[in-house]
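The values are calculated or read from the model by the stated rules, or taken from the named source; none is laboratory data. Every value quoted in this text rests on a predicted model; they were computed, and no experiment measured them. Every residue, glycine among them, receives a Cβ derived from its backbone with ideal geometry; neighbour counts consider all protein chains shown. The area values use the complete protein model at the heavy-atom level, side chains included, leaving out ligands, DNA and RNA. Shrake-Rupley method; radii C 1.70, N 1.55, O 1.52, S 1.80 Å.
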Amino acid sequence: MHKKNQWHSMDINAVYASIESNEKGLSSIEAQSRLQLHGLNKLQEEKKQSALMRFILQFHNVLIYVLIFAAILTFFLGHTTDSIVIISVVLINAIIGFIQEHGAQNALESIRKMLAYTAVVFRDGQKQKCDSEELVVGDIIQLEAGDRVLADIRIIKAHGLSAEEAILTGESDTVEKTPESVGENVTIADRSSMVFAGTTIASGIGLGVVVETAKKTELGRINRMLSSVQTLTTPLVEQMDRFAKLLTYIILLFSVAILLIGHYLQNMPFNEIFIAVVSLFVAAIPEGLPAVVTITLAVGVQAMVKRNAIVRHLPAIETLGSVSVICSDKTGTLTQNKMMVETIQSTIMQYVVKGTGYDPTGAIYTSAGKEVDFNQDDFIKMMAKCSALCSDANLYNENGQWSIDGSPTEGALVAFSHKVGLDTSEIRTKYLRSDFIPFDSKHKFMATLNHSHEDESLSIIKGAAEIILSMCHYQYIDANNIEILNKTFWEQKAKDIATQGQRIIAIAYKNVPAEKTSLSFNDLENGLILVGFIGIIDPPRVEAVDAIKECYSASIEVKMITGDHTVTASAIGKAIGLRNSEIVMSGKDIEHLSDEELQKAVLTTNIFARTTPEHKLRLVKALQANNKIVAMTGDGVNDTPALKRSNVGIAMGKKGTEAAKESSEFVLMDDNFASIVHAVREGRKVYDNIKKVIGWTLPTSVSEASVIIMAILLGMAMPITPIQILWANMITVVTLGVALAFEKEDQNIMKRKPRAIDEAILNRTVIWQIVYVTILFLIAVFGIYTYSISSGAQIEYAQTLAFNTLIFMEIFYLFYVRNMNTLIKSIREIVDCPVVWTAVTIVVCAQIIVTYTPFFQNIFTTKSLLLSEILLILCVGFVMFFLLEVEKYIRLRVLGFTS
């Protein structure tokens, strides 16, 4: 019996014997028997939870329980508006969570849909069509350009057959397919004798035999991995959960304690103390916090859209800010995904080609840096002419972007010809093609026979360097000179160019009689003249170089994980500035390491080549085992397990599969690494603003609750009534708290290290701020209240004064929180934020209405204040701001503490 997953290394006759089939295929009876025995060729669907159950589970959270309880209590207290606000917050959070979870489930559906096609098979000795689900092991299947591969298939016959396997390997280049077996331990990308389910036939025709179906295919194996991969929660969600539990316990403990103290020690009537405790409970819960955090995240979403990043999972924005490692694909993300001629080698010298992608404009320089005059260089003109004539690709401009119709390699050659000044349409019209030999992986070259109107006839051949060298006898010098081929010279040049990660294309030609109209392999055996070598590469994105520098300044590691060869990966890594780019670990190297050894290796290795889905998943887990927050990019089905496992999955918007997008938290619309770094910057800003929101919300909520607690403990009348507390809660959170979501980023935001995974929301600075601010609030509120009562004011007037003092102190505290960890150097830093001033204006206007209009005076038991009292409140606010700034100076400059 065959060794599992080794079909690529077996002789075709051994394959037939192992699966009990032959070159004629199966009979219909045998196919039906195998279908009943092994089942349909489709990926198994897991039992799904109902939509209703998934929605209900969104409420399974401690903070949600607290908010619902608070909503019920406020409703029975008669505060219907506040109850509606709280319930709205709960519903919004549940709906958002439900939508995100629904999207994640679609990832599996996207993979399953890849098998929903028909196939052409040979059964009973005849060609016939069958549904993809009815394919069985042993079926002989016909393969043609454009076909979707519907099972894992061993190639039997192939003519110019190639497959697009980017969804499995991550590499955009097509892969030539042949019947010849390959080594047992080669990666998927090197299994040239196989085509795999979910991939596409790019060119040619062929026959194959089905060797694996359904869940046993490579696609099915990835589907099983995706089903079993644990989705990690985000740091923000984890911290909010811990915070919610801690907050719940603290509030309940205080509420019970105050209830007992008020009833048994202060001898307050139970009904009265119970209502006061409920007010305390509602005041202490920052019920607007989840909504404001959600708004802060939503603001980040809008900012990221401008940076070409679409967010699929709100909390992931904040996670980006804590990313310590970015694992990126190479092709199209760090590189342009556009092949370009970079090096040209002649018998005499080496040239360097400058330009961008397929753009037909550019320049060519000698190795000494001198720009080449095309009209004076016979070699460059000859290379350009041969490149244009022995290619089928065409350039076209679409919306200002140059693209190709044809293979990327030929596109690069045609773009090079245009840079030299040749128009491919004109040169091809001048030198009409009368015959050609198409490229095939067996002979590894393409040849054309061309005739000009001036009776110049020539055969041109391009292909693999080692093949073309073996066919040539001469080498080109200029239009008038050739000489005997120096094979040793060219072999060394091939090695030199290859070490730069470039793919080498050799170009040769020979003159033929004008009357010759057909081309055969025998015609290429003698007289070929080697013109030169062309080095082609997918060049790095210019912006990726700067983005990687920015990552390093922000203490973020960058690792390139690619399916490409080690030499190419190393060359690109060096070009874009990756550290330790000379160290490359291949997929085979990863397989030989234990999990513990890999965890050590990932810390010092930044480039991983020839990787498989298992390798990517192991790398992510190894980094996470080192307490790293990992962002992972991907575009193919092969990337989905690693995308799902990573802390932040980032799918490509242009070339990404639906499965990859559905498994990710972000989709990059421009597939650009630089956009990831912009998103990280935005993520850090979002987290900073969330800290500001929390740093403002918690101290003010605790201060409001402390007013009630202190009044009960002192056995005195409430300086602020419960309904005034609820109003303060509602009006300030939805205005002042929301304003902090629009704060600008810190200038040094990308010069800081990523925050620690276990960094707590309630750190020592926040706890100290709660204590310090609460003391200031209590002194001010009780001081103002006592002053007013002692001046002979009615209790309602004193409560109104204390109520407005509380509101204005929260406004002054907002201006402090905006710069809580930086010393103010100018007044502009305090006042430069239109959103904050808009929020302050709304709050002030609302307070004027509540304080001075008769209708609201009856509801909130307020009295109209004198102008002198308003000035007194403002003075109290300024004093508090000054004391806060003094504390900040001592904390930052003397003690060296930050939040």
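Observations, loosely collected:
- For the stretch 388-416, filtering for residues that are open to solvent by 10 Å² or more (accessible area, probe 1.4 Å) and touching a His at 6+ places or on another chain (Cβ under 9 Å) leaves 1.
- Some residue of the stretch 838-851 being more than 21 Å from Leu740 (Cα to Cα) and open to solvent by 50 Å² or more (accessible area, probe 1.4 Å): yes
- The test for being within 17 Å of Leu168 (Cα to Cα), surrounded by 24 or more Cβ atoms within 10 Å (Cβ to Cβ), touching a Cys at 6+ places or on another chain (Cβ under 9 Å) and at pLDDT below 95 holds for Ala642.
- Of everything in the stretch 605-618 that is assigned to a helix (DSSP H, G or I) and open to solvent by less than 10 Å² (accessible area, probe 1.4 Å), the residue that is nearest to Ala554 (Cα to Cα) is Lys616.
Rundown of residues vs (1) in contact with a helix residue (DSSP H, G or I) (Cβ under 7 Å, 6 or more places away or on another chain); (2) in a strand (DSSP E or B); (3) of a type outside the set (A, V, I, L, M, F, W, C), yes/no style:
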{"site": "Leu603", "(1), (2), (3)": "no, no, no"}
{"site": "Val620", "(1), (2), (3)": "yes, no, no"}
{"site": "Gln624", "(1), (2), (3)": "no, no, yes"}
{"site": "Lys628", "(1), (2), (3)": "no, no, yes"}
{"site": "Thr640", "(1), (2), (3)": "yes, no, yes"}
{"site": "Lys644", "(1), (2), (3)": "yes, no, yes"}
{"site": "Gly649", "(1), (2), (3)": "yes, yes, yes"}
{"site": "Ala660", "(1), (2), (3)": "yes, no, no"}
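- The stretch 36-95, subset modelled with pLDDT of 65 or more and among the charged types (D, E, K, R), residue farthest from Leu135 (Cα to Cα): Arg54
- In the stretch 189-202, the residues that are under 11 Å from Ala151 (Cβ atoms) and open to solvent by 10 Å² or more (accessible area, probe 1.4 Å) form no Cβ pair under 7 Å with any partner that is in a loop (DSSP other than H, G, I, E, B) and at pLDDT 85 or above, whether six or more places apart or across chains.
- One residue alone among Ile572, Ile497, Ile507 is among the aliphatic types (A, V, I, L, M), assigned to a strand (DSSP E or B) and open to solvent by less than 60 Å² (accessible area, probe 1.4 Å), and that residue is Ile507.
- Every pair of residues 6+ apart whose Cβ atoms lie under 6 Å, when the first sits in the stretch 491-515 and is within 15 Å of Met383 (Cα to Cα) while the second is among the basic types (Lys, Arg): Ile505/Lys462; Ile507/Lys462
- Considering residues of the stretch 457-494 that are among the small types (Gly, Ala, Ser) and either open to solvent by 60 Å² or more (accessible area, probe 1.4 Å) or closer than 11 Å to Tyr509 by Cβ (or both) only, the residue modelled with the lowest pLDDT: Ala479
- Filter result for the condition that a residue is at negative phi, at pLDDT 95 or above, aromatic (Phe, Trp, Tyr) and surrounded by 15 or more Cβ atoms within 10 Å (Cβ to Cβ), over Phe808, Phe860: Phe808
- Only one of the numbered conditions (1) open to solvent by 80 Å² or more (accessible area, probe 1.4 Å); (2) closer than 27 Å to Ala741 by Cα is violated by Leu867, and that is (2).
- Within the stretch 732-764, the set of residues being among the acidic types (Asp, Glu) and out of contact with any helix residue (DSSP H, G or I) (no Cβ under 7 Å at 6 or more places or on another chain) comprises Asp758, Glu759.
- Residues that are open to solvent by 50 Å² or more (accessible area, probe 1.4 Å), among the basic types (Lys, Arg) and modelled with pLDDT of 90 or more are absent from the stretch 336-348.
- Residue within the stretch 298-305 that is under 30 Å from Asn626 (Cα atoms) and open to solvent by 10 Å² or more (accessible area, probe 1.4 Å) present: yes
- Residues considered: Lys385, Lys381. Of these, the only one that is part of a helix (DSSP H, G or I), at pLDDT 80 or above, of a type in the set (Lys, Arg) and open to solvent by less than 40 Å² (accessible area, probe 1.4 Å) is Lys385.
- Test: residue in the stretch 420-427 that is farther than 27 Å from Glu483 by Cβ, open to solvent by 70 Å² or more (accessible area, probe 1.4 Å) and either aliphatic (A, V, I, L, M) or assigned to a loop (DSSP other than H, G, I, E, B) (or both): no
- Apart from one condition, Arg764 fits all of (1) open to solvent by less than 70 Å² (accessible area, probe 1.4 Å); (2) under 30 Å from Ile629 (Cα atoms); the exception is (1).
- Any hit, the stretch 324-332, residues being out of contact with any Leu (no Cβ under 8 Å at 6 or more places or on another chain), touching a residue at least 24 places away in the same chain (Cβ under 8 Å), open to solvent by less than 40 Å² (accessible area, probe 1.4 Å) and of a type in the set (D, E, K, R): yes
- Members of the stretch 8-24 found to be under 16 Å from Gly183 (Cβ atoms) and either touching a Leu at 6+ places or on another chain (Cβ under 9 Å) or acidic (Asp, Glu) (or both), listed by number: Asp11
- In the condition set (1) under 24 Å from Ser703 (Cα atoms); (2) touching a residue at least 12 places away in the same chain (Cβ under 8 Å); (3) of a type in the set (Ser, Thr, Tyr), Thr841 is compliant with all but (2).
- Residue in the stretch 699-713 that is open to solvent by 10 Å² or more (accessible area, probe 1.4 Å) and β-branched (Val, Ile, Thr) present: yes
- Residues being free of Cβ contacts under 8 Å to residues at least 24 places away in the same chain, surrounded by fewer than 16 Cβ atoms within 10 Å (Cβ to Cβ) and in a helix (DSSP H, G or I) - total across the stretch 787-803: 2
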